[in-house]
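S.K.: Dropping a structure here in structure tokens format, bear with me for questions.
Derivation of every value follows stated rules applied to the coordinates shown; laboratory data play no part. Owing to the predicted nature of the structure, the values given are computational and were not obtained by experimental measurement. For neighbour counting, all protein chains shown are included, and Cβ atoms are generated from backbone atoms with ideal geometry for every residue, glycine included.
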Amino acid sequence: MKLAQSIFLLFIIGITGCGVDTNTGTADTDINTEMELDKENEAQDVVQQVDEESLLSPNRVLNIAHRGASGHAPEHTLISYETGEEMISDYIEIDLQMTLDGELIAMHDSDVSRTTDGQGLVKDLTLEDIKILDAGTWFNDENPDLAQPVFSNLRIPTLDEVIEKFGTDANYYIETKTPEEYPSMMRELIATLNQYALIGPHLPEGKVIIQSFSEASLLEAHEIDPSIPLVQLISYQSTAKISDAELEKIKEYSIGIGANYRHLSEAYVKKVREAGLLLHPYTVNEIHDMERLIEWGVTGMFTNYPDRLSELLRD
Ligand code: G3P
Ligand code: CA
């Protein structure tokens, strides 16, 4: 899309330029040359603006609704994703698990017990088993001040259902969770994205980003379709450090790094950014942390409160 827009704009400017090329003398030639240069500069400015609008522009700060607007609604439900969109987030973040019968569902944990009224591992349950679970009442019980009757008895959505609801207007930031448990997960994910035409050169770049803590899972994605933007997640346990060699390795298949914000330093952010990688810390919920990370130069962040980040970015 970006390239197509740029070509279209240059084409229009090119046509306009041809229309004024009627010079017959030296002075006119100079004037026309200046006009052409002006137009060329204008064209470059316009193309630059188009680039700045790209979701993957290093000059943007992306607002990624972590498990939807999960500070306001039960995580990984359609209501949570919808609330995230209403709060002007750039991305719906989806964690994937896979059922016994091979369906991709939106769920963070590999066990259903924390966020539903059921028990057991997703990989041991069929989609039919999953679909009878209540994925919202736990939120009302744990958050009486945020509880809403509409959150009771919500269903766990499949990836297909999420895409069918939000379509190609939404942007998706999808994580393969414990892919070592689900050998076909990445293939299924990319097949689904292709089925809904959510990847490919006809779309704005960054329409879908795939993220994982598993390097192997990302390398598999890169092998299947090297055009898909990938983000390597890293969970630091203490002050984050990264070597030049690690950065070079990550750059071979990934456009960026996602890391837990608590262990980041300004020097780490600078190093990652200077290496040409995007940096999306997780999960940043307090405004003072958002402000600090933006000052340090991150290019987006995962938050349970996309409304807070939207307001900060607007201001
Ligand atoms: O995907 C970024 C962040 O969500 C990673 O942490 O555990 O919330 O999936 P988690
Ligand atoms: Ca995640």
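S.K.: Report ³J(HN,Hα) in whole Hz for each residue of region 78-93, in order, from the Karplus equation J = 6.51 cos²θ - 1.76 cosθ + 1.60 where θ = phi - 60°; Gly and Pro get x.
M.R.: My calculation for region 78-93 gives 4, 5, 5, 5, 5, 5, x, 5, 4, 8, 6, 6, 8, 9, 8, 8 Hz in order.
S.K.: Further question: Could you run the Karplus curve 6.51 cos²θ - 1.76 cosθ + 1.60 with θ = phi - 60° over region 54-71 and give me ³J(HN,Hα) per residue in whole Hz, x for Gly and Pro?
M.R.: 4, 4, 9, 4, x, 8, 9, 10, 7, 9, 10, 6, 6, 6, x, 7, 6, x
S.K.: Here is a follow-up. Express in nm, to one decimal, how much length is gained between Thr168 and Glu295 on full extension, taking 0.36 nm for each residue of separation and deducting their alpha carbon distance. Mind showing how you got there, number by number?
M.R.: On the way: separation 127, 0.36 × 127 = 45.72 nm, distance 3.19 nm.
Extra length from Thr168 to Glu295 when fully extended: 42.5 nm.
S.K.: Now, a different point. Please report the net charge: other residues with Cβ closer than 11 Å to the Cβ of Tyr81, K and R +1, D and E -1. List each step's numbers first, then the result.
M.R.: Details: positive: Arg67, Lys165; negative: Glu75, Glu82, Glu85, Glu86, Glu93, Glu161.
Here the count lands on -4.
S.K.: Ile234 to Asn194: extension gain in nm, 0.36 nm per residue of separation minus the Cα-Cα distance?
M.R.: Details: separation 40, 0.36 × 40 = 14.40 nm, distance 2.72 nm.
This chain segment gains 11.7 nm when fully extended.
S.K.: Next up: Once amide H atoms are built 1.01 Å from N in the peptide plane, which residues 5 or more positions from Ile94, or in another chain, come under 5 Å H to H?
M.R.: Those lying under 5 Å, H to H, from Ile94 are Tyr173, Ile174, Glu175.
S.K.: Still on this structure, please answer the following. Give me, ordered by chain and number, the residues 5 or more places off Gly206 or on other chains with an amide H under 5 Å from its own placed amide H.
M.R.: Placed amide hydrogens put nothing under 5 Å from Gly206.
S.K.: Placing one identical point scatterer on every Cα of region 62-314 and ignoring solvent, what is log10 I(q)/I(0) from the Debye formula at q = 0.09, 0.17 Å⁻¹?
M.R.: Per q value, in the given order, log10 I(q)/I(0) is -0.38, -1.38.
S.K.: How large is ³J(HN,Hα) for each residue in region 203-210, as worked out from phi by the Karplus curve 6.51 cos²θ - 1.76 cosθ + 1.60 (θ = phi - 60°), to whole Hz, x for Gly and Pro?
M.R.: 10, x, 5, x, 3, 10, 10, 9
S.K.: Taking the DSSP beta bridges in region 62-314 as the whole, what percent of them are antiparallel, to the nearest 5?
M.R.: Numbers: 5 of 30 bridges.
Among the beta bridges of region 62-314, antiparallel pairing accounts for roughly 15 percent.
S.K.: Can you give the local net charge around Gly136? Use residues other than it whose beta-carbon is closer than 15 angstrom to its beta-carbon, Lys and Arg +1, Asp and Glu -1. Please report the intermediate quantities before stating the final value.
M.R.: Working: positive: Arg67, Arg114, Lys131, Arg155; negative: Glu75, Glu82, Asp117, Asp134, Asp141, Glu142.
Here the count lands on -2.
S.K.: Among Leu198, Ile228, Ala259, whose Cα lies farthest out toward the positive end of the dipole of region 62-314, if unit charges sit on the beta carbon of Lys, Arg (+1) and Asp, Glu (-1)?
M.R.: Among Leu198, Ile228, Ala259, the one farthest towards the positive end of the dipole of region 62-314 is Ala259.
S.K.: Leu62's amide H: which non-local residues (gap 5+, or another chain) put their own amide H closer than 5 Å, with H modeled 1.01 Å from N in plane and none for Pro or chain starts?
M.R.: Gly300, Met301
S.K.: Where both residues lie in region 177-315, what percent of DSSP beta bridges are antiparallel, nearest 5?
M.R.: On the way: 0 of 10 bridges.
In region 177-315, approximately 0 percent of DSSP beta bridges are antiparallel ones.
S.K.: What order, most packed first, do the peptides 280-287, 223-230, 135-142 have when packing is the mean number of other Cβ atoms within 10 Å of each residue?
M.R.: Values: 280-287: 19.8, 223-230: 14.8, 135-142: 18.2.
Answer by packing, highest mean first, reads 280-287, 135-142, 223-230.
S.K.: Let's see if you can work this out: charge +1 on each Lys and Arg Cβ, -1 on each Asp and Glu Cβ, no other charges. What is the dipole magnitude of region 62-314 about its Cα centre, in debye to the nearest 20? Write out the running numbers ahead of the final one.
M.R.: On the way: 19 positive and 44 negative charges, 144 e Å.
The dipole magnitude comes to about 700 debye.
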